[in-house]
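A quick write-up on the structure given underneath.
What follows draws every value from the coordinates through simple rules; no lab data is involved. Everything quoted here is computed from the prediction, not taken from an experiment. We place every Cβ from the backbone using ideal geometry, glycine too, and count neighbours over all the protein chains shown.
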Amino acid sequence: MDKTPVSDFLAHLPVTRAVLDDRERVFLAVLRGQVHSRSEATRTLSIRSTTISDHVADLLERRLLTEEISARAGRGRPLRTLHACAERLVTLVFQVISQSVHVFMVNLSAEIIGHEKAEASPESDNEALGAIFLRLYQTVMRALPAGADLAGIVFSLGGVFDRTTHRWIHTSRWPKMHNLDIQHLFSGEKHPISLSRTLDNELRIHMLLQRQSTLLLHWGYGVGFAFGQSSDRIVEGGSAFGEIGHWRVTDQGTSCHCGQTGCLETLTALWSIGTPILGEDFRAGDEEEHIAQVLKDKDITDNDAIQQAVEHMSTAASNVCRVFFPDRLVVSGPFVQNQRIWQSFRERFEQKNRFFSQEIQSLTVSQVSRDLGIYGAALPILEQGLAALLLD
Ligand SMILES: [Zn+2]
C-alpha cells in the first residue's frame with residue numbers, strides 16, 4: 001500500500017525541469033485538482049481571464065484538457081468544468097522484480113494503467129530476455145488508451161549498465177545475459193528508450209517529498225546506494241555507480257558472484273545470509289517484499305550472521321556518508337523492516353558516523369512503495385513528453 005497520496009507529489013511537478021510557461025501552469029493546476037474552471041484558474045493562478053481562455057483553448061486542442069458543459073439549475077450560464085486528460089500521455093517502465101520482468105504503463109497522474117509480467121529462468125541469455133521484453137511490450141501496448149501518446153520506454157535496472165550505449169552489461173540474476181543492446185532491440189519503434197537505476201528512481205520520490213541531500217542505501221539481495229543533492233540533481237557516476245556490495249571487506253571471505261572474494265555482499269546480502277538467518281523460511285528468488293514480511297516479527301538479533309551483517313552495513317553506510325556528507329540517510333530493503341535489526345543498525349551507525357561531534361540530521365527506513373518507485377522512473381520521461389507536446 002502507498003503511504004503517500006499521489007496528490008502529495010503531483011504538487012511538485014515538474015521535477016526534472018523548469019515550468020515551461022503559464023499554459024503548463026494551467027494544465028498542472030487542473031491535473032492536481034487545484035483548479036476546476038476557467039474562473040478558478042484566473043483567481044488561483046493570477047492570470048488575466050482572456051489569457052486563461054487562450055491557454056484553455058490551446059490545451060483543449062492538444063487534448064490535454066476537456067471541458068464539460070452542464071446546464072445549471074434555474075437561470076444563469078451553464079456550468080463549465082475542466083478535466084485533465086491524465087491518459088493523454090503515458091510511459092512504459094520495465095523493471096526486474098525477483099526473477100521476473102515486469103512492464104508498467106504509467107499515466108500523468110502517476111496511475112499504473114497497464115501491467116504485464118513474465119518469469120525469466122536463471123538460464124536466460126540475451127536472446128531469451130530480448131524476446132521477453134518484446135513480448136511484454138506488445139502485450140502491454142494493448143492497454144494504451146485511445147488518443148494517448150507513448151512518451152517513451154524506460155528500463156529501470158539494477159546491476160551494471162551503460163546509459164549512453166543503452167547496453168545492459170550484467171546482472172547476477174541472469175549471468176548468461178551480457179551486453180544486451182536494448183536500443184537495438186526496439187530499433188523498430190520510434191519511441192525514445194532510456195536506462196535508469198531502480199535505486200535512483202526510488203530516491204527521486206524521497207527527494208520530492210523532502211528536499212534534503214539524501215543518501216539512499218539499499219540492503220537486500222544486493223547492497224548499493226544512490227545519492228542526490230536535489231530531485232533534479234541525482235548523481236549518475238559510471239556504469240556500476242553505487243555498487244558498494246562489491247567493496248572488499250575481508251581477506252578471508254567466501255566467493256562472490258562478481259568473481260572476487262570477500263565482498264561486502266558475501267557477509268550482508270540476502271543471497272548469502274538468507275539461509276543462515278531464516279533457514280527453510282528462505283527461498284532464493286522470493287521477492288524482497290515477501291522476505292520483509294517473513295523477517296518482520298522474528299527475533300533474530302542473537303543470530304551471528306545478522307550481527308556480523310549489521311556491523312558491516314553500519315560501517316559501510318558510515319563510510320559512504322564520509323564521501324557525500326548527506327543531510328539524510330534512508331535505508332530500504334527487507335532487513336530494516338524488522339524493528340530490532342533497524343534499532344541495532346541505527347545504534348551502530350550513529351556511533352560510527354559521529355564526526356567532529358556532528359551528527360546526521362535524519363535517519364529513516366524507506367517507506368516508498370514499489371509503485372511509487374515506478375512513478376519515479378516514469379516521471380522524467382513524462383515531463384519530457386509533456387514539454388514536447390506543449391511545444392509542438
Ligand atoms: Zn562481489
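Structure values in brief
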item	result
Neighbourhood net charge (12 Å Cβ-Cβ; Lys/Arg +1, Asp/Glu -1) for Lys298	-2
Angle between the chain longest axis and helix 49-61 axis [Cα atoms, degrees, rounded to 10]	70
Simple Cβ-charge dipole of region 77-206, Lys/Arg +1 and Asp/Glu -1, about Cα centre, in debye nearest 20	480
Cα-centred dipole magnitude for the chain, charges only on beta-carbon of K, R (+1) and D, E (-1), debye, nearest 20	1300
Neighbour-count ranking [beta-carbon atoms within 10 angstrom, fewest first] of Lys190, Lys117	Lys190, Lys117
Under-5 Å amide H pairs with Cys85, H placed in peptide plane, nonlocal only	Leu65, Thr66
Computed [θ] at 222 nm, deg cm²/dmol, the chain (DSSP H ≥ 4; -39,500 (n - 2.57); rounded to nearest 500)	-11500 deg cm²/dmol
Gain in span if fully extended, Glu67 to Ser230, counting 0.36 nm per residue against the direct Cα distance	55.1 nm
Cα centroid separation, region 367-392 to region 78-147 (Å)	13
Furthest towards positive pole of dipole, Val30, Leu134, Phe155, structure part the chain, Cβ charges	Val30
Ranking of Arg80, Arg354, Arg38, Arg204 by count of other Cβ atoms within 10 Å, fewest first	Arg354, Arg80, Arg38, Arg204
Eligible aspartates and glutamates near Lys190 by straight Cα distance, threshold 14 Å, same-chain separation 8 or greater	Asp149
Among Arg75, Arg328, Arg25: highest mean-square fluctuation, GNM of the chain, C-alpha pairs under 10 Å	Arg75
Sorted by Cβ density within 10 Å, fewest first, the residues Ile112, Ile341, Ile193	Ile112, Ile193, Ile341
Pairwise FRET efficiency - Asp125 versus Gln99, Cβ, R0 = 22 Å, nearest 0.05	0.90
Spherically averaged projected area of the chain from its Cα convex hull (nm²)	22.8
Cα lying deepest toward the dipole's positive end in the chain, options Ser362, Ser239, Ser314, charges on Cβ	Ser362
5 angstrom amide H check on Trp219, placed H, neighbours 5+ away	Ser332, Gly333
Most mobile listed residue (Ser109, Ser213, Ser121) in the chain, GNM with C-alpha springs under 10 Å	Ser121
Residues Glu311 and Arg32, FRET efficiency given R0 of 41 Å [Cβ-Cβ distance, rounded to 0.05]	0.35
Max mean-square fluctuation residue, GNM over the chain, Cα-Cα springs under 10 Å, options Ala18, Ala86, Ala226	Ala18
